[in-house]
Structures are given as C-alpha cells and as structure tokens.
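Down below is the structure, laid out as structure tokens.
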Amino acid sequence: MTTTAINHAGFCTPLGNRADEVLSALLAGDSRGMVSRDNLLFERPAIVGVVNTELPAIPAEFADYDCRNNALLLCAALQITPAVEAAKAKYGKERIAVVIGTSTSGISKGEEALEYRNRHGHFPSDYHYFQQELGGTSRFLQAWFKLSGPCYTLSTACSSSAKVFAAGKRLLDAGLCDMVIVGGVDSLCQLTLNGFDALESVSKGHCNPFSANRDGINIGEGAALFTLERGSGQVLLFGVGESADAHHISAPHPEGSGAIAAMKMALKQAGLTPDDIDYVNLHGTATPKNDAMESRAMHSVFAEALPPCSSTKPLTGHALGAAGALEAVFCWLLLSPLNRYGQLPPHLWDGEQDGNDPALPLVKQGSRHSLNHLMSNSFAFGGSNASLIFSRGAHE
C-alpha cells in the first residue's frame, strides 16, 4: 500500500479561513464563531457555529448549484486552486477525482424556496432542485475545476467527511487516479436543527462535552478540502479505519463496539500501537450517550496509555457532514510548521467529570506535546464510524 500525502488544504470555518488565524483560535480555545440565532429552531434561540467571513459569489454559469453550502465549498476550493491546476497539467483532468461528504447540502435553499412558494403560490424562478441535492456538492466542484475523473458524494451523517479520506485513499491505491480532492461541507438549516431538537439532542446553552452537566450539541457549519496524492509530504494520511455496527438508527452502541473497531483498524493500517498516538481529536458531541460511549471506547483501545485528547466542537459547533473534514484541518494544522511548539487544542467544558463514565486526559489550556501521530474520530447515526490517523512527514 502506498504512502498518501496531504499536501494542500483549503477551509472555511467558524474560526476563520486562514491557517494562522484558525490555528491561533484553536490553540487559544477561542469560540468566536459560536453565536445565538433565533431563526433556526422554531420555539427558541440556539447557539450555533457560524461562518462569518464574506463568501464568494457563485457565477451565473453555475446557477443550478447556487446555495450557501456551495459558496462555503467554493471559499475552500479557491485556496487549493493553484495545486489543482498544477495537477491537471501534470496528470490530466481525467486523473483527478472528487469525493465530498455532506449531510445538509443546500437544504436551506429549499427551505427558502418553500417559504417563497407559501407566500406566492409558486417557486422562485431562480430555484432548482440541484441547488439542494446531496450530489450537487461534488458535481459543482468537479465542474468548477473542469475535471473528468471519478466524482461522488458520501452522506453518512456525522462521519461523512471522515470517510472521504478512506474513499480517496482507495482510489489512489487502486491506481484509478493520481490526485483526489476530498473534504466536506455543511451549512446551517432549520430542518437539521429542528430534527436534532426533536431528538432532544440540542443543548440549551453552550455544549459541554464529557461533563456531568452536558445536555446536547451545538450545530455548526463550514467547509474543508484537501488534496491527496501518492508519495511523501509534510502531513501524511497514515491510517484509516471504518466500521458499521448498525446498533441503532440514532443511538451509539453503549460500549462503543463500532468505535473500537474503527480505531483499531486505523492503528493496524498505520502499523502503529496505541502508545504511538500523541493526541486524539474526540468526536465529543456532548450528548449523554455519545460521550459515555466514546469514553469507554477510548479506554478499551488505549487502556493505560491514554493520550491527551479534546473535543473541538465547543469551538465550532458540530458541523455534521463537514465535522470530519474540519477536524482533519485542525490535525493538519497541528502537524504543520505553524505549530512550532507542539501546542494542543484545549478542551472547553465546566470541568465537572461525569462519575458514571471513565475519565479521559482532557487537554488543558497551554498544554504541549511532541506531535508525530494524531487520531481523529467521527461516529455517526446508524453506527457508521471512521477513525483517521494523520502523521508528520518530511518538513523542509
């Protein structure tokens, strides 16, 4: 199996869209992007992670893909354009694949169209179903870059844009392409917020992962894209693990059987032991059942060698289909030369450990560690799980 390098990344997050800006906010535990909005839940305000940067306009020739979701995606895509153009010249447009994860796509565009229809009796003239279709994300990106290689969208809820790394690596290992653009994007919408609220999973305040007082998630939005290529680089995709325990349509397996399987598979593929992992970006949603499951799964895999770990969702919200990609960005930045002192993202919570769950070594503000191998976990509805290992490559 070949080595997979992650040489370029573009992102649009509640923490910003520049590498130095995002890393600085991440390490400071800065939740600048978490705001209260009263136009998402029907019955009360909700704290959500919002991208506040000005987004690029979708050109008229791509009108069928014009929605906030694709504008977020385009913001990230513009940052990797030079790398993609260079790859087209080197490999050919048919040798570059696109694999994107999403769960909302452009649903908010459909919500606006339905509201317009209720008022006027017909849909607005500029509305097209392509604007909200799940597959529109990858098709838009392929059309934007004028590519003709493999192109598809993955939608497995909260593991969507973690699983794209596994898909991209398989395409490279099979020799079907020479570069894969992978990533994820999700945008805020009423359907998602109210759906999670119906499950009694939306926090009444700021999410509080692994606390005895946790009461649910904050939803977020954002986009992140990466280029995967065979060979060496500053950051490597070293191991991927996937599992599908199918325990329940929404509740995780209480002992984390699928999560355990995904983490162990990632370690096996990377040829690493639990002792080799220097930091784990936890799924850490702050729902009672997920955090209980993940703490048990972590203890099962790492036993007495638990590495420092934290959930970054209090900083960005849970970006659902984009969460895996956003948290991959954080790992990519932590391994980059920008993080010269090996600082770690602090875990924001009230510090009140749930006595019913095994405690984890949650990162405190200012913590540092020698960083060579990082794990990032994404666990989704239906028991669709993914674990990724990112490793330090050759730094110039």
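Here are the numbers for the structure shown:
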| quantity | calculated |
| --- | --- |
| Debye log10 I(q)/I(0) for the range 274-396, one point scatterer per Cα, at q = 0.10, 0.13 Å⁻¹ | -0.29, -0.49 |
| Where labels lie 7 Å past Cα in the beta-carbon direction, separation of Leu199 and Asp38 in nm | 2.8 |
| Inter-probe distance in nm under a simple model that places probes 7 Å from Cα toward Cβ, at Leu191 and Ala303 | 4.7 |
| Positive-pole candidate from Asn213, Pro346, Asn385, dipole of the chain, charges at beta carbon | Asn385 |
| Contact order normalised by residue count of the range 180-239, Cα under 8 Å, 6+ apart, percent | 45 |
| Evaluated at q = 0.18, 0.19 Å⁻¹: base-10 log I(q)/I(0), Debye formula over Cα of the range 229-300 | -0.77, -0.83 |
| Cysteines (scope the chain) whose Cβ has no counterpart Cys Cβ under 4.7 Å | Cys67, Cys151, Cys158, Cys177, Cys189, Cys207, Cys309, Cys331 |
| Carbon + sulfur, % of accessible area of the range 83-147 - ligands and nucleic acids excluded, 1.4 Å | 51 |
| Proportion of all alpha-carbon pairs of the range 19-67 beyond 13 Å (%) | 72 |
| Whole-Å semi-axes of the ellipsoid equivalent to the range 90-170 (Cα gyration tensor, √5λ, descending) | 31, 16, 6 |
| Computed over the chain: relative contact order in percent, which uses C-alpha pairs under 8 Å that are six or more apart | 24 |
| Net +/- balance of residues flanking Gly342 in space, Cβ distance below 11 Å, scoring K and R +1, D and E -1 | +2 |
| For the chain: accessible area per residue (Å², 1.4 Å) | 38 |
| Computed [θ] at 222 nm, helices only, for the chain once each DSSP H run of length n ≥ 4 contributes -39500 (n - 2.57) | -10000 deg cm²/dmol |
| Kirkwood hydrodynamic radius of the chain, from inverse mean 1/r over distinct Cα pairs, in Å | 20.7 |
| Distribution of pairwise C-alpha distances over the range 61-123, 5 Å bins, in % | 4, 13, 17, 19, 16, 11, 7, 5, 5, 2, 0 |
| Residues Asp126 and Lys93, FRET efficiency given R0 of 30 Å [Cβ-Cβ distance, rounded to 0.05] | 0.55 |
| Two-site label geometry, Ala86 and Leu176: point separation in nm, points 7 Å out along Cα→Cβ | 2.6 |
| For the range 156-300, alpha-carbon Rg over 2.2 N^0.38 Å | 1.16 |
| Loop-located trypsin sites (Lys or Arg not before Pro) in the range 96-201, at most 12 other Cβ atoms within 10 Å (DSSP) | Lys146 |
| Lysines with Cα under 21 Å of Lys268, excluding same-chain neighbours fewer than 8 positions away | Lys163, Lys169 |
| Accessible carbon and sulfur surface of the range 281-396 relative to its total accessible area, %, 1.4 Å | 50 |
| Dipole magnitude of the chain, debye to nearest 20 (Cβ charges: Lys/Arg +1, Asp/Glu -1, about Cα centre) | 740 |
| For peptides 252-264, 366-378, 340-352, sequence by mean Cβ density within 10 Å, most packed first | 252-264, 366-378, 340-352 |
| Where a label projected 7 Å from the Cα of Asn118 along Cα→Cβ would reach, residues of the range 28-56 with amide N under 14 Å | 39-43 |
| Derived scalar couplings ³J(HN,Hα) [the range 332-344; Karplus, 6.51 cos²θ - 1.76 cosθ + 1.60; whole Hz; x for Gly, Pro] | 4, 5, 4, 8, 7, x, 4, 8, 5, 9, x, 6, 10 |
| Contour excess over end-to-end distance, with Cα ends at Glu352 and Thr53 and 0.36 nm allotted per residue | 104.2 nm |
| Relative contact order [Cα under 8 Å, 6+ residues apart], the range 1-115, whole percent | 25 |
| Straight-distance crosslink candidates among aspartates and glutamates, where the alpha carbon sits under 17 Å from Lys93 and sequence neighbours closer than 8 are dropped | Glu85, Asp178, Glu229 |
| Estimated FRET transfer efficiency (Ser211, His248; beta-carbon r; R0 25 Å; 0.05) | 0.60 |
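The values are calculated or read from the model by the stated rules, or taken from the named source; none is laboratory data. Just so it is clear, the model here is predicted, and its values are computed rather than measured. So basically every Cβ, Gly included, is an ideal-geometry build from the backbone, and we count neighbours across all protein chains shown. Calculation scope for accessible area: heavy atoms of the full protein, side chains included, ligands and nucleic acids excluded. Shrake-Rupley method; radii C 1.70, N 1.55, O 1.52, S 1.80 Å.
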